[in-house]
1. Would you kindly state how much longer the chain becomes between residue 151 and residue 96 on full extension, computed as 0.36 nm times their sequence separation minus their alpha carbon distance, in nm to one decimal?
2. If you wrap a convex hull around the C-alpha atoms of the stretch 183-257 and split its volume per residue, what is the figure in Å³?
3. Mind telling me which of 113, 290, 220 comes out most flexible in a GNM of the chain, alpha-carbon contacts under 10 Å?
4. Tilt of helix 65-80 relative to the longest C-alpha principal axis of the chain, in degrees (0 to 90, nearest 10)?
5. Report Rg (one decimal) and Dmax (nearest whole number) for the stretch 27-152, counting Cα atoms only, units Å.
6. Please state, as a whole number in µm²/s, the translational diffusion coefficient that the Stokes-Einstein equation yields for the stretch 200-351 at 20 °C and 1.002 mPa s, with Rh defined as the Kirkwood radius across alpha carbon pairs.
7. Compute from the Cα atoms of the chain the Rg and the Dmax, the latter being the longest Cα-Cα distance, and quote both in angstrom.
8. Over the stretch 15-129, what relative contact order in percent results from Cα pairs under 8 Å that are six or more residues apart?
């Protein structure tokens, strides 16, 4: 979440004006969400795919524990069907590098590409050669401008964004016994993923917790400014019972601000896994809980969509993976469920 990746301005505006739309997650163009559990390959599908010599490429925007888990889920699903992964790249949040990665990967002859497009406009041109080569495209979270489902790409796969925000609200409400004042630190950028998660938290608090009031709101575009912005929020609202932070990296800055102020009372809830945030949580610090996605399941579903496309089967335009709440009580199990690997030794050792 550290790059400024643009989404739909119209959707973001709708979200901010009308919290009532938060009955479910919707896609960048308002697409209805389909759970990843409904995108599966049967034994018959696997048998039909095996021996066809299909190849896949995983062209990512960055490298991280999250992306490693997505890649692992995808690689395992491709392996089931005998599909070879011929390229895995990291664009380092550089759209020009991503375009170069696409060109290099195409020389290896993939039939399916999984990727997160870094910029709607630049990516639309960058992936055009793949479309012209009849490569099936499956996108993580973002969509290039002007692309049409079923013609240019097979599906977008992302998190259950509403559910992540709702679970964050429930977790913070539980931590402060259902009453008090809270701060809301949201992503100050036009990106439908973070916009929906952030606003789902706000809508849930406002609609379901009448004894909790959001008294401070602060947008953040640069995670490096999180501590500074949190200090200002706490200066004006020293008695906050809780703070929602849009994702884990800025939450680390908010945590530093609380420690610097000697504040051990205000509770934090955030989204996405982070070792420093989880370590504070298991030590009984300010962090009440972390809401994460099932990253491995994202990758599995992306691969399944691509494989279905190779068989001529259309998948839903917008597919979402489950969310889960991780607390000090289930951190080991939650880390496995999200990333399919053990939690960091520091976190496990602090339990």
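1. Length difference between fully extended and current span is 17.4 nm.
2. Hull volume normalised by residue count: 78 Å³.
3. Evaluated over the chain, the most mobile residue of the options is 220.
4. 30
5. Cα only, the stretch 27-152: 14.5, 40 Å (Rg, Dmax).
6. The Stokes-Einstein estimate is 125 µm²/s.
7. Just the Cα atoms of the chain yield Rg and Dmax of 20.4, 65 Å.
8. 28
Values quoted throughout were computed directly from the atomic coordinates according to the rules given, and no laboratory measurement underlies them. Keep in mind it's a predicted model, so treat the numbers as computed, not measured.
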